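Structure first, then comments.
The values are calculated or read from the model by the stated rules, or taken from the named source; none is laboratory data. Keep in mind that what you see is a predicted model, and the values were worked out from it rather than measured. For neighbour counting, all protein chains shown are included, and Cβ atoms are generated from backbone atoms with ideal geometry for every residue, glycine included.
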Amino acid sequence: MARFELKLPKMGESVAEATITSWLKEVGDTIELDEAVLEIATDKVDSEVPSEVDGVLVEKFFNVDDVVQVGQVIAVIETEEEAIVSSNIESSVKEDLHQENISQIEKTIVSAQETIAPITSNEDRFYSPLVKNIAKQEGVSQAELDSIQGTGKDGRVTKNDILDYLDNKGTTKPTEQPVFKEATQPVQVAEVPKVEKAPVIPTGGDEIIEMTRMGKIIAHHMVESVQTSAHVQSFIEADVTKIWNWRNKVKDAFAKREGESLTFTPIFMEAIAKALRDFPMMNISVQGDTIIKKKNINLGMAASLADGNLIVPVIKNADQLNLVGMTKQVNDLANRARVNKLKPDEIQGGTYTVTNVGTFGSIMGTPIINQPQVGILALGAIRKVPAVIETPEGDFIGIRYKMFLSHSYDHRVVNGALGGQFVKAVKDYLEAWDSNREI
């Protein structure tokens, strides 16, 4: 018999941990290859962890609501295969030779950890490494940590518990020490009064609704984005009459040939991908004082979930897709997003995001940037409006289909000229649509 260690798989470049939401198998259950063993949730998406072997689940190392790091062993599955024992003599000798040095390093690490006074509970209360790190970074004392009421297994404090505590507590920094010009002439530094959030007191008849886990995560990310990026908006109106008429002309034939519905979204995505290729400095991220210029154009597409929350699946290498390929990608990701069937990797790696506020009837919006990107484009509702039409014979009033494009961008690295030129390029691509284009 052999023992296979089931580890938390890598789920994207920015996902380092996940929370166990439920176990689908219990100790003693038989498991088949690729069968789901447990369900997990990251700050991006919910997913399942499948087994890589056939066997029997013999050991579980984590409970529901525990936070697991990528690469950690979650469970052990016993298989019928013979265990393969490595007998590399050279490695064994090296291990013996360096054991003394390793022991000394471990002692040094323990000593250093004691020096920086790590957070440990006086009541032997368990805290995950993630919770300890958050507490350390935010200056939460041990007494404060012990006072937090945990919602995890056996009252454990989860990531959401400590984030909720910090939101309610506020984020005031320790008061600086007084600065002295001379030894006998101290300069008095007034303390900044702590601003407490006014409590919301429900009255009779009010309904108290607990935020969902995803709702809390989204709220945290939105606040973080506003605090990180200097949001600026540019708005422009595009005449999409040619696109409206062309789609009506070809949509039935397209659906019959491709088995896909042709919506406006892939048409808009194609134009945005072209504009990003023209203005590569919109396809960047900021890291400290450096700019990372992305090689690939990966378009995030905000999709609405059944519970009202949004998720952003990513169309990889969007500028390399033709309209048929773009349509298939858009429809597939949108359909699987609605039924929570997206894979973690399918919501990672976006370099620019598009959101369709027109779906809900809005003519424009001021969307919040999806970090660590520097821009997001909101597509407004298409409206039939009277407009001035310029012709060689003169101007006249006609009925046109128009929409607003709302571009939010990070003014730390994107100035008004670039932000305006980019959204103008999207408008130009849409208005130059070929009415005789073949599908």
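Report, by residue number, each residue of the stretch 59-77 that is surrounded by fewer than 16 Cβ atoms within 10 Å (Cβ to Cβ) and closer than 17 Å to V27 by Cα.
E59, F61, N63, V64, V73
Can you tell me which residue within the stretch 268-290, out of those that are assigned to a strand (DSSP E or B) and touching a residue at least 12 places away in the same chain (Cβ under 8 Å), is surrounded by the fewest Cβ atoms within 10 Å (Cβ to Cβ)?
Checked the stretch 268-290; the qualifying residue surrounded by the fewest Cβ atoms within 10 Å (Cβ to Cβ) is Q287.
Which condition number in (1) surrounded by 13 or more Cβ atoms within 10 Å (Cβ to Cβ); (2) assigned to a helix (DSSP H, G or I) is the one that A238 fails?
(2)
So which residues in the stretch 128-168 are touching a residue at least 40 places away in the same chain (Cβ under 8 Å) and either touching a Gly at 6+ places or on another chain (Cβ under 7 Å) or of a type in the set (S, T, Y) (or both)?
Matches in the stretch 128-168: S128, T151, R156, T158.
For the stretch 110-118, check the following and say yes or no: at least one residue is closer than 30 Å to P50 by Cβ and either acidic (D, E) or at pLDDT below 65 (or both).
Within the stretch 110-118 (the criterion being closer than 30 Å to P50 by Cβ and either acidic (D, E) or at pLDDT below 65 (or both)), the answer is no, since none of the residues qualifies.
Find the residue count for the stretch 43-74, including only residues that are in a strand (DSSP E or B) and either farther than 30 Å from A306 by Cα or touching a residue at least 24 places away in the same chain (Cβ under 8 Å) (or both).
15
Residues S22, S14, S86: which one is farther than 30 Å from N298 by Cα, loosely packed, with under 14 Cβ neighbours inside 10 Å, polar (S, T, N, Q) and at pLDDT below 85?
Selected residue: S86, the only one of S22, S14, S86 that is farther than 30 Å from N298 by Cα, loosely packed, with under 14 Cβ neighbours inside 10 Å, polar (S, T, N, Q) and at pLDDT below 85.
Checking the condition touching a residue at least 40 places away in the same chain (Cβ under 8 Å), closer than 27 Å to V70 by Cβ and among the acidic types (D, E), which residue from D319, D345 passes?
It is D345.
Which condition breaks for T265 when tested against (1) at pLDDT below 95; (2) closer than 17 Å to G365 by Cβ?
Condition (1) is where T265 drops out.
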